[in-house]
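Read the figures in this text as sums done on the coordinates, not as results from a lab. Keep in mind that what you see is a predicted model, and the values were worked out from it rather than measured. We place every Cβ from the backbone using ideal geometry, glycine too, and count neighbours over all the protein chains shown.
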2 protein chains.
Amino acid sequence: MTDEATVFVPGHVTGFFTSDPDEDPTKAGSRGGGIALADGVTVTVTASEERSVTLNGVDIEVGAVDRVVDALRATVAVNAETPLPLGSGFGVSGAMALGAALGTNAVCDRGLSENELVTIAHGAEVQAGTGLGDVVAQARGGVPLRLEPGGPQDNYIDAIPERGRIEYHVIGELSTEAVLGGDTDALTRAGEQALSRVVKEPTVDTFMRASRQFAREAELLTADVQAVVEDVAEAGGDASMAMLGETVFALGTGLTDAGYDATATEIYPGGATLDDA
Amino acid sequence: MTDEATVFVPGHVTGFFTSDPDEDPTKAGSRGGGIALADGVTVTVTASEERSVTLNGVDIEVGAVDRVVDALRATVAVNAETPLPLGSGFGVSGAMALGAALGTNAVCDRGLSENELVTIAHGAEVQAGTGLGDVVAQARGGVPLRLEPGGPQDNYIDAIPERGRIEYHVIGELSTEAVLGGDTDALTRAGEQALSRVVKEPTVDTFMRASRQFAREAELLTADVQAVVEDVAEAGGDASMAMLGETVFALGTGLTDAGYDATATEIYPGGATLDDA
């Protein structure tokens with residue numbers, strides 16, 4: 001037993017997705033595609049006399065993290081550090097849930113497998129209503145294509161075998177709960193079409209085109225996001241909207257070429273992992 | 001289209017395994033457990049007028065690589081560099097096949113998905129008779145538990161969520177083809193028992209105990225390997241035999257503590273990946 005464990009979880013922007021509800025939260029979730037980012041969340045779990053959760057040094061309540069710690073029957077301090085904003089489509093809550101699961105298992109010697117821990121974090125995120133597919137994507141890394149919903153026991157994930165620089169520009173927040181709480185039939189149809197397009201041609205270029213088409217058809221594109229995506233296209237670049245946040249992500253130097261003060265990161269090839277002790 | 005692509009594939013020592021033949025090489029393979037190593041194989045694939053394959057600068061024929069390049073209908077030069085010896089249980093041939101698949105896809109714009117490329121490399125390795133489970137384990141990384149045989153379309157892989165230092169000591173070579181060509185019923189029964197033990201308690205400690213029991217029960221332990229494993233145990237460490245090579249691997253500083261001039265590496269958490277271009 002160690003007193004402390006640190007886990008790195010990549011960020012994750014979703015390009016397109018479906019909503020696939022199920023009474024069992026470990027089978028519920030979404031299909032879709034996204035990009036794991038080297039800008040991620042570093043989660044440190046420490047044995048503690050009372051539970052606490054912080055993000056960048058500030059106390060915070062994250063429903064998915066509470067559910068993970070409850071499921072593992074642990075009392076721990078969960079401290080997350082990230083350059084990514086919360087609520088802007090980078091999967092920060094999913095990363096905190098997954099980091100809490102892997103870290104608590106190590107600190108409290110719970111003896112669970114990787115897939116069991118991913119399942120707990122995925123189910124917690126679904127029940128908290130803050131995400132449907134980030135956790136399983138962040139466990140895989142790269143450019144994951146979630147071909148079936150649910151945790152690792154139920155889903156099937158493939159990936160686009162590419163690397164490269166990614167830029168992002170955050171305009172504001174969107175509430176995942178509000179979008180997912182509404183009628184998601186049209187969104188799911190658009191997500192299925194995007195996924196089938198990318199499965200036929202699993203390249204990042206096709207992924208970006210399918211993501212833009214999804215954002216339009218699912219009517220999630222805000223006017224501000226649309227303006228930025230068009231600016232990038234005019235500058236010869238390739239951008240789309242991070243689901244669900246008022247955030248634009250682009251390949252290569254797409255956003256800076258269009259004159260935006262964007263943040264640069266890259267595709268992160270691996271999944272969430274404990275730091276080497 | 002790029003002219004050259006470089007892929008890093010972790011090494012992989014197998015602790016225990018089953019042999020699960022099938023007429024379809026993408027469904028055939030093995031169940032079992034192993035450890036992905038930071039000491040791996042760097043495979044560079046270059047567009048070329050004629051096919052060539054080298055390992056550490058020397059021309060070599062690797063059946064699995066030839067089958068991969070044939071399957072992708074490509075003419076490329078495949079150059080592999082590794083500190084790991086061939087034929088000693090580190091999955092070097094599997095790594096070369098997987099690196100050739102990912103690299104050729106990138107260089108020749110074949111537009112295949114990660115799982116499709118892993119399937120091609122796995123099937124090539126099975127058909128060449130040089131390995132049953134290294135490729136899918138090297139695509140996952142970490143401490144993979146292969147719960148079903150076959151490529152990613154058919155198998156189910158979990159993992160032990162641990163990191164740490166690994167040492168290894170190479171005594172000599174063993175022929176995978178010779179062992180797998182014989183009667184494998186007893187080996188498969190021992191492999192199933194080891195796997196079920198580790199699934200119940202997915203920790204690296206249990207993995208090492210199950211690996212030693214497998215090596216004894218499958219009657220694969222050579223006298224030289226057994227002597228080293230016993231020396232490590234007497235020094236308070238934890239070692240077993242890499243399947244299939246005359247190689248001992250140990251946790252932490254187990255081999256050096258026992259006085260051996262061992263090589264140190266660590267558990268590599270990620271799977272095979274293209275280098276960032």
Helix B:92-107 vs. chain B, principal-axis angle (Cα, 0 to 90°, nearest 10): 30
Qualifying lysines (Cα of each under 28 Å from Cα of B:K200; at least 8 residues distant if same chain): A:K27, B:K27
Estimated dipole of chain A in Debye, rounded to 20 [Cβ of Lys and Arg +1, of Asp and Glu -1, Cα centre]: 580
Sum of -39500 (n - 2.57) over DSSP H runs of 4+, divided by residues of chain B (222 nm, nearest 500): -11000 deg cm²/dmol
Residue among A:V58, A:V45, A:G29 farthest towards the positive dipole end of segment A:22-96, charges placed on Cβ: A:G29
C-alpha long axis of helix A:114-128 to longest principal axis of chain A, angle in °: 70
Percent of alpha-carbon pairs separated by more than 24 Å within chain A: 44
Where Rh is the Kirkwood radius over Cα pairs, Rg/Rh for the protein assembly as shown: 0.98
DSSP bridge pairs, segment A:27-183: antiparallel proportion in percent, nearest 5: 75
Assigned charges on the beta-carbon of Lys, Arg, Asp, Glu; the protein assembly as shown dipole about Cα centre (debye): 580
Alpha-carbon spread of segment A:4-158, three principal axes, descending order, Å: 41, 30, 22
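List B:E192, A:E114, A:E246, A:E23 from most exposed to least, where exposure is judged by having the fewest other Cβ atoms within 10 Å.
Numbers: B:E192 16, A:E114 28, A:E246 21, A:E23 6.
By the 10 Å Cβ count, ascending, the order reads A:E23, B:E192, A:E246, A:E114.
Partner chain Cβ atoms within 10 Å, averaged over the residues of B:265-272 - can you pull that number for me? Please report the intermediate quantities before stating the final value.
Numbers: counts 0, 1, 3, 2, 9, 7, 7, 2.
Mean shielding by partner chains, rounded to a whole number: 4.
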Normalised alpha carbon radius of gyration of segment A:161-266 [divisor 2.2 N^0.38 Å]: 1.05
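Highest mean first, how do B:102-110, B:211-219, A:123-131 rank when packing is the count of other Cβ atoms within 10 Å averaged over residues? Please list the in-between numbers first.
Values: B:102-110: 23.0, B:211-219: 20.1, A:123-131: 24.7.
By packing density, highest mean first, the sequence is A:123-131, B:102-110, B:211-219.
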Fraction of beta bridges assigned by DSSP in the protein assembly as shown that are antiparallel (%, nearest 5): 90
Positive-end extreme of charge dipole, the protein assembly as shown - chosen from B:V78, A:G91, A:A262 (charges on Cβ): A:G91
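Calculate the mean, over all residues of peptide A:141-148, of how many other protein chain Cβ atoms lie within 10 angstrom of the residue's Cβ. All intermediate terms of the calculation are to be shown ahead of the outcome.
Numbers: counts 5, 5, 2, 1, 3, 0, 2, 0.
Rounded to a whole number, the mean comes out at 2.
Can you give the mean number of other chain Cβ atoms that lie within 10 Å of the Cβ atoms in peptide A:99-106? Please list the in-between numbers first.
On the way: counts 0, 0, 1, 1, 1, 0, 3, 3.
Mean shielding by partner chains, rounded to a whole number: 1.
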Simple label model, 7 Å out from Cα along Cβ direction - B:D70 to A:A223, nm: 6.2
Crossing angle, helix A:223-234 versus chain A [Cα axis fit, 0-90 degrees, rounded to tens]: 60
Alpha-carbon centroids, segment B:20-90 and segment A:46-67: separation in whole Å: 45
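If I stretch the segment between B:Y156 and B:D261 completely, what's the gain in nm (0.36 nm per residue apart, minus their alpha carbon distance), one decimal? Can you show the working numbers first?
On the way: separation 105, 0.36 × 105 = 37.80 nm, distance 3.70 nm.
Additional length available on full extension: 34.1 nm.
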Sorted peptide list for B:156-169, B:66-79, B:133-146, A:137-150, criterion being average Cβ within 10 angstrom, highest first: B:133-146, A:137-150, B:156-169, B:66-79
Sorted by Cβ density within 10 Å, fewest first, the residues B:V198, B:V58: B:V58, B:V198
Length-normalised contact order of chain B in % [C-alpha pairs under 8 Å, at least 6 apart]: 26
